[in-house]
1. Kindly indicate the residue of the stretch 89-111 that is of a type in the set (G, A, S) and free of Cβ contacts under 8 Å to residues at least 60 places away in the same chain and also farthest from V140 (Cα to Cα) among those meeting that condition.
2. Could you figure out which of (1) touching a residue at least 24 places away in the same chain (Cβ under 8 Å); (2) of a type outside the set (A, V, I, L, M, F, W, C); (3) closer than 15 Å to P31 by Cα isn't true of G73?
3. Return the residue satisfying two criteria in turn: it lies in the stretch 69-119 and is in contact with a helix residue (DSSP H, G or I) (Cβ under 8 Å, 6 or more places away or on another chain) and among the hydroxyl-bearing types (S, T, Y), and of such residues it is farthest from L152 (Cα to Cα).
4. Could you tell me which residue of the stretch 44-75 is surrounded by the most Cβ atoms within 10 Å (Cβ to Cβ), considering only residues that are outside any helix (DSSP H, G or I) and among the small types (G, A, S)?
5. Could you please find all residues in the stretch 76-106 being over 16 Å from L44 (Cα atoms) and either surrounded by 21 or more Cβ atoms within 10 Å (Cβ to Cβ) or of a type in the set (K, R) (or both)?
6. So which residues in the stretch 1-37 are of a type in the set (K, R), surrounded by 12 or more Cβ atoms within 10 Å (Cβ to Cβ) and more than 13 Å from I72 (Cβ to Cβ)?
7. Just wondering, is there one or more residues in the stretch 35-47 that are more than 24 Å from L152 (Cα to Cα), out of contact with any strand residue (DSSP E or B) (no Cβ under 7 Å at 6 or more places or on another chain) and at pLDDT below 95?
Amino acid sequence: MNVRKLTITALLTAAAIIIPYVVVFKVVIPPFSATLGSHVPMFLSMLLGPLAAVITGLGSALGFFLTLGPLIGARAFMHVFVALAGSAMIRKGFSFRRVVLITAPLHGLLEVLVVLPFVPFDAYKLFIVTGVGTMLHHGVDGAISYALLKVLDKARVFNAVRVDS
C-alpha cells in the first residue's frame, strides 16, 4: 500500500471510529439502529482495495462497540465483509452504483444473522426491521457516498475509479 492510500485509509478509519460519537441523527428500532453516514467510510474504502476495506470496517466495528455496545459493534463488524465484497467487485470493473445495489442484500442478511441469536425469533423484527432497514440505510449512505465521490473525483482524490455506469 502506497503512502497516499495508507493516508486515505487512515482518515477513513478515523472517520469510521468517530461517526458513532459525533452523528446525532440516529434511528433506533430494536434490534435495528441506523446512524446517518456510518457506511460512507466503508463505501469509500472499497475504492482503495481489500486491505483498506478491511481496516476501515474494523474501525467501524471498534467505534460502534465503544459507543453503543457489543451487539451494535458486531453488526458494524459486518462492514468488513460488505466492503471486502464491494472492493472485489470494483476490481472486476463494476461501477460504484452497481456495487452499492448488489451489496445491499448481503449487508442486510449479515446483520440479520448477527442479531438472530440475541433476539427472540420475530420474523418482522429480524427480516423487515433489521434486514430491510439495513438495506435502506445502506442505500441512503450509498447515495451520500456517491455524491461525495463526485466531489472527490473533481478534486482528483478518487479519479481513477469508475463511479458511473
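The values are calculated or read from the model by the stated rules, or taken from the named source; none is laboratory data. None of these values were measured; they are calculated from a predicted model. Glycine gets a Cβ as well: all are built from the backbone with ideal geometry, and neighbour counts include every protein chain shown.
1. Taking the stretch 89-111 and keeping what is of a type in the set (G, A, S), we get 93, 95, 104, 108.
This time we only want the ones that are free of Cβ contacts under 8 Å to residues at least 60 places away in the same chain, so: 104, 108.
Working: A104: 11, G108: 14 Å.
Among them, the one singled out is G108.
2. The one condition G73 does not meet is (1).
3. The selected residue is T103.
4. Taking the stretch 44-75 first, the residues outside any helix (DSSP H, G or I) are 47-49, 69.
Okay, now just the ones that are also among the small types (G, A, S), so 49, 69.
Working: G49: 17, G69: 10.
The extreme case among them is G49.
5. Scanning the stretch 76-106 gives a single hit, K92.
6. If we filter the stretch 1-37 for residues that are of a type in the set (K, R), which is where we start, we get 4-5, 26.
After this cut, where a residue has to be surrounded by 12 or more Cβ atoms within 10 Å (Cβ to Cβ) as well, the list is 5, 26.
Scanning the stretch 1-37 gives a single hit, K5.
7. no
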